[in-house]
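The values are calculated or read from the model by the stated rules, or taken from the named source; none is laboratory data. Here the structure is a predicted model, which is why all the values come from computation and not from measurement. Every residue, glycine among them, receives a Cβ derived from its backbone with ideal geometry; neighbour counts consider all protein chains shown. Heavy atoms of the whole protein, side chains included, go into the accessibility calculation; ligands, DNA and RNA do not. Shrake-Rupley method; radii C 1.70, N 1.55, O 1.52, S 1.80 Å.
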Amino acid sequence: MPQMIPQTDPRANYLAHKAEIDAAIASVLTGGRYILGEQVAAFEREFAAYLGARGTEGATHAIGVGSGTDALHLALRACGVGPGDRVFTVSHTAVATVAAIELAGATPVLVDIDPATFTMDPHRLEEAVRTEDEGRKTGDAGSAAPTVKRQTSVFRRRSAIIPVHLYGHPADMSAILEIARRYDLWVIEDCAQAHGATIDRRKTGTFGDIAAFSFYPTKNLGALGDGGAVVTSDPALAEQTRLLREYGWRERYVSALPGLNSRLDELQAAILRVKLRYLDAENARRRVLAAEYDRLLADSSVRTPATRPGVSHVFHQYVIRSARRDALQAYLRSQGIGTLIHYPAPVHAQPAYAERLSIGEGLPHTEAAAREILSLPMFPELSDEQAAEVAKAINAF
Ligand SMILES: *Cc1c(COP(=O)(O)O)cnc(C)c1O
């Protein structure tokens, strides 16, 4: 029985860097400082430097937190988004994106995706924002405060947009930022699947006001446990996030504001510092594998993923579409090939959210995608031969 080809393999990535990771772990264990010490501070500096300075606005700040979900929640809280506020995002995403909005007490408004890139469709976003804005202005003047704030409003910027750079393909940031400026909305990038992805050579996470990263083990930059980071070039938002992640402390044991406990730990930071040094090379390897899949599947019955011009895709997932997706997945499994579906049900169709989230006139492209998508094996240690075997099986199906 030949070896199964897994869909993802975080253990292979650990083994690829085992000596360095083991040494980093040992030094934390013997160092005696396990929470918010020099490893977290160094990782925050190195990750901020990796993402790059943002024009003339100064260096990017990175704040290590407990998970990607917490990073989104803290970013929303840092922006002051909470009860009564609307947050525009997509339903075709990890449930964490929507869960974080509700954790902050805000109300998600879900918009449809562009079927070519699986990311937020700016036209649908604009419709949703305009509808909310007009509803608030005409509907209940004098009662509830408007939740979409124009520049002239004294309640400047209460609502937010969370574009998700899904699968490692950046959302259409120039169109999204233009809408955000026009309606005075915060932009919080969900970068959980897009470490190192760029638009016109600028890294995702530096386009909006603030961004959230996850270091879940299978992400392009993955810890060996939970972890996340908030990134911003705004010093006030950075300071607010630092306070919120640790009980609102500016000074130890004195809460300046009501915060929570969501800290990246020293062990994970030490591991991430090792892995960050290999991120660009591993993203390049993912792109090579994607190009191989593109080439080998060019004449197959499945649709291969598209990349917008000017974008550097980091292929957190390589996602094909097939009208016979379920049969294809079963066939590949029978051939020893692991695949996954990201995600089998859009957030608005999951039991916890069904019938209660705002989806406007519906999300046809989101629902069609959920029926047809399939994530092929994709991780830096996947060999050329294994990728060829996957493509061969798809062509044989
Ligand atoms: C993984 C992920 C998250 C959540 O990250 P956790 O670290 O698992 O909390 C959020 N958004 C997207 C798009 C993700 O893929």
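The length gained by stretching the chain between LYS18 and ARG45 to full extension, at 0.36 nm per residue less their Cα-Cα distance, is 7.4 nm. Here the chain has 53 percent of its accessible surface on carbon and sulfur atoms, given a 1.4 Å probe and all protein chains in place.
Classify the range 249-360: rounded, prolate or oblate, from the alpha-carbon gyration tensor (a ≥ b ≥ c, eigenvalue square roots; a/c under 1.5 rounded; otherwise prolate if a/b is larger than b/c)? Oblate, since a/c reaches 1.5 and b/c is not below a/b.
Solvent-accessible surface of protein heavy atoms, probed at 1.4 angstrom with all chains present, puts SER383, SER27, SER233 in the order SER27, SER383, SER233, largest first. When you restrict to C-alpha pairs under 8 Å that are six or more residues apart and normalise by the size of the chain, the relative contact order lands at 23 percent. The calculated 222 nm mean residue ellipticity attributable to helices in the chain amounts to -11500 deg cm²/dmol, summing -39500 (n - 2.57) over DSSP H runs of n ≥ 4 and dividing by all residues. Note on ALA354 and ASN395: the extension gain reaches 11.1 nm, defined as 0.36 nm multiplied by sequence separation minus the Cα-Cα distance.
Using a simple spin-label model with pseudo-atoms 7 Å out from Cα toward Cβ, ASP200 and THR131 lie 3.1 nm apart.
Toward the positive end of the charge dipole of the chain, about the Cα centre and with charges on Cβ (Lys, Arg +1; Asp, Glu -1), which of LEU243, GLY225, GLY66 goes farthest? My answer, from the dipole projection, is LEU243. With the simple model of a label 7 Å out from the Cα in the direction of the Cβ, SER255 to ASP294 spans 5.1 nm. Think of each Lys and Arg Cβ as +1 and each Asp and Glu Cβ as -1; about the Cα centre, that makes the dipole of the chain roughly 340 debye.
Could you tell me what % of all Cα pairs in the range 223-290 have separations over 16 Å? In whole percent, the share of Cα-Cα pairs in the range 223-290 beyond 16 Å is 62. With every protein chain in place and a 1.4 angstrom probe, the accessible-area ranking of ARG295, ARG273, largest first, reads ARG295, ARG273. For the peptides 286-293, 103-110, 168-175, residues were scored by their other Cβ atoms within 10 Å and the scores averaged per peptide; the highest-first order is 168-175, 103-110, 286-293. The heavy atoms of ILE101 offer some 0 square angstrom of accessible surface to a 1.4 angstrom probe. Using a Debye calculation, one point per C-alpha and no hydration shell, please list log10 I(q)/I(0) for the chain at q = 0.07, 0.12, 0.14 Å⁻¹ in order. One equal scatterer on each Cα of the chain leads to -0.32, -0.95, -1.25. Above 17 Å, the calculated P(r) of the range 278-328 contains 42 percent of its Cα-Cα pairs.
Solvent-accessible area per residue in the chain equals 42 Å², computed with a 1.4 angstrom probe and all protein chains kept.
Using alpha carbons only, how many angstrom separate the centre of the range 99-120 from the centre of the range 292-316? Taking the Cα centre of the range 292-316 as reference, the centre of the range 99-120 is 24 Å away. For THR198, the amide hydrogen comes within under 5 Å of the amide hydrogens of THR204, SER312, counting only partners 5 or more places away or on other chains and with H modelled in the peptide plane. In plain terms, the C-alpha convex hull of the range 160-262 casts an average shadow of 7.5 nm² when viewed from every direction. A simple packing score, the average count of other Cβ atoms within 10 Å per residue, orders the peptides 8-19, 317-328 as 317-328, 8-19, with the highest score first. Compactness of the range 8-115 was expressed as the Cα radius of gyration divided by 2.2 N^0.38 Å, which yields 1.40. Applying both filters, DSSP loop and at most 13 other Cβ atoms within 10 Å, to the GluC sites (Glu not before Pro) of the range 297-380 gives GLU355, GLU361. Any idea how far the Cα center of the range 317-375 sits from the one of the range 196-259, in Å? Taking the Cα centre of the range 196-259 as reference, the centre of the range 317-375 is 29 Å away. Estimated at the nearest 10 Å², the accessible area of ASP200 is 120 Å² with a 1.4 Å probe.
Summary of packing: across the peptides 82-94, 208-220, the per-residue average of other C-beta atoms within 10 Å ranks them, highest first, as 208-220, 82-94.
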